[in-house]
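Taking it in order: structure first as C-alpha cells, then the write-up.
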Amino acid sequence: MVILVLSDPQRYLARYSADDKIAFGLDDLDRWPVRFWDVDGGMASMQLQLAAVDAGLATWFLGIGYGEDLVRREFSIPRDRMMVGVIALGYRDDDETLTGSGVSRLRRPLDEQIHRNGW
C-alpha cells in the first residue's frame, strides 16, 4: 500500500485568520516561522508508521525527488496541496536481508546529538 501525505497551507491560514487566532499575526503564510502544515503532516506520518509497525507491517517514508507533476496529474491533486512525502506499507519477506545505510552506517553517539543546559 502506498499513501501520499499532503498538507493544506490554506486551511492553516483560514484558521489563523479567525477572530480567536488573528492576534497571533499568522493570517499571512509568509509570517509563519515554521511551516506547521508540513510539520503536522510529518508527525501524522510518524504516528501512522508506528501503528503499522505495531500491527506487524514494514513501513518506509520517502520524499518525491522527481516526478511530482506526474503524481499530481495521476491523482488529480490540487495545486494548493503540498506534497510532504509518501508512506509505503507492506509485509517483509521472511528471508529478506536488511540493507542500506540504516544497516551499514553507525548512528552518531547521543552525546553528539543531545545538548543539556547549553550547546
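For the stretch 82-112, which positions are farther than 18 Å from Gly65 by Cβ and touching a strand residue (DSSP E or B) at 6+ places or on another chain (Cβ under 7 Å)? So that I can check it myself, show each step before the final result.
To start, the set of residues in the stretch 82-112 that are farther than 18 Å from Gly65 by Cβ comprises 89-99, 102-112.
Residues satisfying the conditions are Leu89, Gly90, Tyr91, Arg92.
So, in the stretch 74-113, how many residues would count as being more than 23 Å from the chain's Cα centre (by Cα) and among the small types (Gly, Ala, Ser)?
Result for the stretch 74-113: 1.
Over 30 Å from Tyr91 (Cα atoms) and among the acidic types (Asp, Glu): which single residue out of Asp28, Asp38 fits that description?
On the way: Asp38 fails: over 30 Å from Tyr91 (Cα atoms).
Every option except Asp28 fails the conditions.
Evaluate the following for Leu48: is it in contact (Cβ under 8 Å) with a residue 40 or more places away in the chain and within 30 Å of Thr99 (Cβ to Cβ)? Give the derivation first.
On the way: in contact (Cβ under 8 Å) with a residue 40 or more places away in the chain: yes; within 30 Å of Thr99 (Cβ to Cβ): yes.
Criteria met by Leu48.
Give the residues of the stretch 4-51 that are surrounded by 13 or more Cβ atoms within 10 Å (Cβ to Cβ), touching a Lys or Arg at 6+ places or on another chain (Cβ under 8 Å) and part of a helix (DSSP H, G or I), sorted by residue number.
Listed by number, the residues that qualify are Pro9, Trp37.
Do any helices (runs of 4 or more DSSP H) entirely within the stretch 52-119 hold 1 or more residues that are surrounded by 11 or more Cβ atoms within 10 Å (Cβ to Cβ) and out of contact with any Asp or Glu (no Cβ under 6 Å at 6 or more places or on another chain), and if so, which?
Working: elements: 68-75, 101-104, 110-113.
Ranges flagged: 68-75.
Return the residues of the stretch 73-99 that are farther than 11 Å from Leu4 by Cα, among the hydrophobic types (A, V, I, L, M, F, W, C) and touching a residue at least 12 places away in the same chain (Cβ under 8 Å); say none if nothing qualifies.
Leu89
Every number here is computed from the coordinates shown, using simple stated rules; none is lab data. Keep in mind that this is a model prediction, so the values were computed, not measured. Backbone-built Cβ (ideal geometry, glycine too); neighbour counts: all protein chains shown.
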